[in-house]
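Input: a single structure, listed below in structure tokens.
The values are calculated or read from the model by the stated rules, or taken from the named source; none is laboratory data. This structure is a prediction, so every number in the text was calculated from the model and none was measured. Cβ: placed from backbone, ideal geometry, glycine included. Neighbour counts: every protein chain shown.
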Amino acid sequence: MPNFINRLAIAAQQRLTTLITLLLLSTLSACSSSDWQSRNHPSDDAVAAALTEQPDMVVLSQQTPLQFSLARMPEDVRPCCAFGNNHKVKVGSIQVPMFRYANTLSLDEIGPHAYEAGTWSLQRGQPNGRRHGENNGQIYTLRGGFIDLAHVRDTADNTVALFQRIYPQLGQAFSIELPPEIGPRELRFQAFSIDQLSPQQRLELAAQLAARMAYSMAEAHEIAQWHGYRSWKPWSETVSAYSPEDLYSNMLGAKIGLALIMNNLVMSRELYNQHMTQWLSASITQLHPVSKAQTNAFFDAIDGHWWDSNIALPSKFMLLKRHYQLGKQQAPYIVPQALAQADESWPLLAPLYAKRLSPLPLSLPATVYGIDLAGVAQQWLTVAPKFQGSFSHIPKHLWQSGFSNRKFLAISHFNQLQDEIELQAHFDQGTVN
């Protein structure tokens, strides 16, 4: 019997090694996109203002982006981190012995950003700096709760890629095809007048639309994961669907991407990467990050409440708390003091609660310069036949003929009801698979 167990352990470790290798290869292949280049062309009014004795700085900033090459639309999301820490891992039905998946980090461990890249990509955080990996993971912040850095980076990248496609066609009717997940999907834009807008206002409107639709892509990904989408076929992603930190992290990425566009810091891939690195670190700092040890302590405090350390990845109900409230206003999940006090790590966490910092909600605007953003841009999804069975608990009129982001919240509501039924059944059986 001991020899049989040893053979099972060796087989499990070999399968895990294969999984990691394949993920590594797929991630590295995603790093091969070509650079992009763009320049800003000043308006006639801006040039005229520049030649006056006291230029009007608002007029002086009027310019039109000229795109010489586009950033490739990211096709895959970064490998994100399962909620919790030091997870057990199963490959098939076999738990990998002597292995725990740790995914927390401190502020100073955050690596330089790499557009459309994965965990193992190498970039310079500064022009003359050494190359390092992104080093994604989870970090707890006193004002933003748990932050998943992979989600932040993905949505920032999508914001930049979408902006480059939206701005040249702003005000026209057009569509942008997106990489499929549970079926084909695209962004559809309606025609509207932009004659009344200045060059700077048009740039801002395009950037706001890009941020909004990049965030909408993140919402669609949560739904896709629930309904069976997998980045790597042998590995289920249902455990990550509607994870409580995901959408807040995605919105943070959308807002950082917007800020970089408005500051003209996305003119090339290298320029974007370097400044995204700085803005990411500064944004996390603004949210008041804690140490790695304290992040781990927060995960310990909510073990058995928000997640279950006894359940191995990728079992769906390792995650006990989910966030189904999709929308353009997101509030962070802050660990209640009562849970922290009940944990043995309370002495490490007590000084943090003494600071009494308020949570920082994030939101995206509904209108910009009188333009109803929801009225001019929508994401549309079609459910492929292989995924239609997973929609059997949802009324057909919500999804059968395709659906837009306006139906996301309703679909998520039915997914929540189904999760509650399944989770209760598992608890009644005394086991969570």
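Selection within region 237-284: residues that are assigned to a loop (DSSP other than H, G, I, E, B), under 18 Å from the mean Cα position of the chain (by Cα) and not aromatic (Phe, Trp, Tyr). The member of this set that is modelled with the lowest pLDDT is 237. Hey, any hits in region 78-86 for a residue that's in a loop (DSSP other than H, G, I, E, B), at positive phi and either at pLDDT below 50 or surrounded by 11 or more Cβ atoms within 10 Å (Cβ to Cβ) (or both)? Yes, region 78-86 contains at least one residue that is in a loop (DSSP other than H, G, I, E, B), at positive phi and either at pLDDT below 50 or surrounded by 11 or more Cβ atoms within 10 Å (Cβ to Cβ) (or both). Among what's in region 330-363 and is farther than 30 Å from residue 213 by Cβ and of a type in the set (Gly, Ala, Ser), pick the residue that is nearest to the chain's Cα centre (by Cα). Residue satisfying both the conditions and the ranking: 340. In region 196-209, which residues are in contact (Cβ under 8 Å) with a residue 60 or more places away in the chain, aliphatic (A, V, I, L, M) and assigned to a helix (DSSP H, G or I)? Within region 196-209, 203, 205, 209 qualify.
Report yes if residue 410 is farther than 19 Å from residue 239 by Cα, out of contact with any strand residue (DSSP E or B) (no Cβ under 6 Å at 6 or more places or on another chain) and touching a residue at least 24 places away in the same chain (Cβ under 8 Å), otherwise no. No; evaluated as a whole, the condition is false for this residue. Evaluate the following for residue 417: is it under 27 Å from the mean Cα position of the chain (by Cα), modelled with pLDDT of 95 or more and either not in a loop (DSSP other than H, G, I, E, B) or not acidic (Asp, Glu) (or both)? Here the answer is yes, as residue 417 does meet what is asked. Within region 285-334, the set of residues being touching a residue at least 24 places away in the same chain (Cβ under 8 Å), among the small types (Gly, Ala, Ser) and either part of a loop (DSSP other than H, G, I, E, B) or surrounded by fewer than 19 Cβ atoms within 10 Å (Cβ to Cβ) (or both) comprises 291, 293, 309, 312, 315, 327, 331.
Looking only at region 373-387, filter to residues that are out of contact with any helix residue (DSSP H, G or I) (no Cβ under 7 Å at 6 or more places or on another chain) and surrounded by 12 or more Cβ atoms within 10 Å (Cβ to Cβ); which one of those is farthest from residue 210 (Cα to Cα)?
If we filter region 373-387 for residues that are out of contact with any helix residue (DSSP H, G or I) (no Cβ under 7 Å at 6 or more places or on another chain), which is where we start, we get 374-376, 380, 382, 384-387.
Add one more test, that the residue is surrounded by 12 or more Cβ atoms within 10 Å (Cβ to Cβ), and what stays is 374, 376, 380, 382, 384, 387.
Details: 374: 12, 376: 12, 380: 15, 382: 21, 384: 26, 387: 28 Å.
Among those residues, the one meeting the criterion is 387.
Contact map, region 366-384: first residue closer than 14 Å to residue 189 by Cα, second residue of a type in the set (Phe, Trp, Tyr) and at pLDDT 95 or above, Cβ cut-off under 7 Å, separation 6 or more or different chains; pairs are 371/192; 376/189; 376/192; 377/189.
Residues in region 100-116 that are part of a loop (DSSP other than H, G, I, E, B), at pLDDT below 80 and either crowded, with 23+ Cβ neighbours inside 10 Å or touching a Leu at 6+ places or on another chain (Cβ under 7 Å) (or both): none. Here is the figure for region 240-255: residues that are in contact with a helix residue (DSSP H, G or I) (Cβ under 8 Å, 6 or more places away or on another chain), closer than 12 Å to residue 222 by Cβ and not polar (S, T, N, Q) total 5.
For region 177-204, a residue qualifies if it is among the aliphatic types (A, V, I, L, M), touching a Phe, Trp or Tyr at 6+ places or on another chain (Cβ under 8 Å) and surrounded by fewer than 23 Cβ atoms within 10 Å (Cβ to Cβ), and exactly one does: 197. Starting from region 236-263, take each residue that is within 17 Å of residue 145 (Cβ to Cβ) and list its partners that are of a type in the set (Lys, Arg), counting only C-beta distances under 6 angstrom and pairs at least six apart or across chains. Every condition considered, the pairs that remain are 242/322; 244/321.
For (1) over 17 Å from residue 262 (Cβ atoms); (2) of a type outside the set (Gly, Ala, Ser); (3) at pLDDT 95 or above; (4) not in a helix (DSSP H, G or I), each residue gets a yes or a no:
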{"residue": "168", "(1), (2), (3), (4)": "yes, yes, yes, no"}
{"residue": "182", "(1), (2), (3), (4)": "yes, yes, yes, yes"}
{"residue": "188", "(1), (2), (3), (4)": "yes, yes, yes, yes"}
{"residue": "194", "(1), (2), (3), (4)": "yes, yes, yes, yes"}
{"residue": "214", "(1), (2), (3), (4)": "no, no, yes, no"}
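Contact annotation: no residue pair with Cβ atoms under 7 Å, 6 or more positions apart or on different chains, pairs a residue in region 135-164 that is free of Cβ contacts under 8 Å to residues at least 24 places away in the same chain and surrounded by fewer than 24 Cβ atoms within 10 Å (Cβ to Cβ) with a partner that is part of a strand (DSSP E or B) and aliphatic (A, V, I, L, M). Within region 256-282, being touching a helix residue (DSSP H, G or I) at 6+ places or on another chain (Cβ under 6 Å) and among the small types (Gly, Ala, Ser) holds for one residue alone: 257.
Evaluated against (1) over 27 Å from the mean Cα position of the chain (by Cα); (2) at positive phi; (3) of a type outside the set (S, T, N, Q), residue 402 falls short on exactly one condition, (1).
Can you name the residue in region 121-134 that is part of a loop (DSSP other than H, G, I, E, B) and either modelled with pLDDT of 95 or more or of a type outside the set (D, E, K, R) (or both) and is also surrounded by the most Cβ atoms within 10 Å (Cβ to Cβ) among such residues?
Of all residues in region 121-134, those part of a loop (DSSP other than H, G, I, E, B) come to 121, 125-130, 134.
Filter again for either modelled with pLDDT of 95 or more or of a type outside the set (D, E, K, R) (or both), leaving 121, 125-129.
Numbers: 121: 22, 125: 18, 126: 10, 127: 8, 128: 5, 129: 12.
Taking the candidates together, the pick is 121.
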